[in-house]
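Shown next, in structure tokens, is the structure this report addresses.
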Amino acid sequence: QVQLVESGGGLVQPGGSLRLSCAASGSIFSIYAMSWYRQAPGKQRDKVAAITSGGTTDYANSVKGRFTISRDNAKNTVYLQMNSLKPEDTAVYYCTANVKELRPTGWATRDYWGQGTQVIVSS
């Protein structure tokens, strides 16, 4: 089993910054892509940013130029630096990791999710 634990959420004023962290632990052989999603009240969960094990990144148009995703492979940790925050960025932020793991039936990959961290952007 693999656990993902997010941290860094909170209340911030418009224009402010926050840095989210997500650490993976457990039976990990390697982690492929890691991503951040967010879900606002009454809305679907949307992908915000993703990063491959090699460092290639991808962003939703709504956050390009404001958010930066990065990872520390040695620590199995992914980060999301969020700058110039807007009220519409308010949501619960979730991290995911595509993990390679050894099962009794052989090697397999599986997506794991964190429990989420709340980000509120408000004056």
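The values are calculated or read from the model by the stated rules, or taken from the named source; none is laboratory data. Everything numeric in this text was worked out from a predicted model, so none of it was measured. For neighbour counting, all protein chains shown are included, and Cβ atoms are generated from backbone atoms with ideal geometry for every residue, glycine included. The area values use the complete protein model at the heavy-atom level, side chains included, leaving out ligands, DNA and RNA. Shrake-Rupley method; radii C 1.70, N 1.55, O 1.52, S 1.80 Å.
For the reader, a short list of remarks on this structure follows.
- If you go through segment 51-103 and keep only what is more than 13 Å from the chain's Cα centre (by Cα) and of a type in the set (V, I, T), you end up with T56, V63, T90, V99.
- Residue list for segment 96-123, restricted to those being assigned to a strand (DSSP E or B), in contact with a Ser or Thr (Cβ under 9 Å, 6 or more places away or on another chain) and open to solvent by less than 60 Å² (accessible area, probe 1.4 Å): T96, A97, N98, V99, K100, E101, Y112, T117, V119, V121
- Within segment 73-90, being at pLDDT 95 or above and either assigned to a helix (DSSP H, G or I) or more than 24 Å from L11 (Cα to Cα) (or both) holds for P87, E88, D89.
- Flag for Y93 being under 14 Å from Q118 (Cβ atoms), modelled with pLDDT of 95 or more, aromatic (F, W, Y) and open to solvent by 20 Å² or more (accessible area, probe 1.4 Å): no
- Conditions (1) more than 17 Å from G114 (Cβ to Cβ); (2) open to solvent by 50 Å² or more (accessible area, probe 1.4 Å); (3) under 15 Å from the mean Cα position of the chain (by Cα): number failed by V5: (1)
- V63 being among the hydrophobic types (A, V, I, L, M, F, W, C) and in contact with a Lys or Arg (Cβ under 7 Å, 6 or more places away or on another chain): no
- Matching residues, segment 14-68, being touching a residue at least 12 places away in the same chain (Cβ under 8 Å), open to solvent by 20 Å² or more (accessible area, probe 1.4 Å) and of a type in the set (F, W, Y): F29, Y32, Y37
- Of residues in segment 99-122 being modelled with pLDDT under 95 and either polar (S, T, N, Q) or touching a Phe, Trp or Tyr at 6+ places or on another chain (Cβ under 9 Å) (or both), the one farthest from I31 (Cα to Cα): T105
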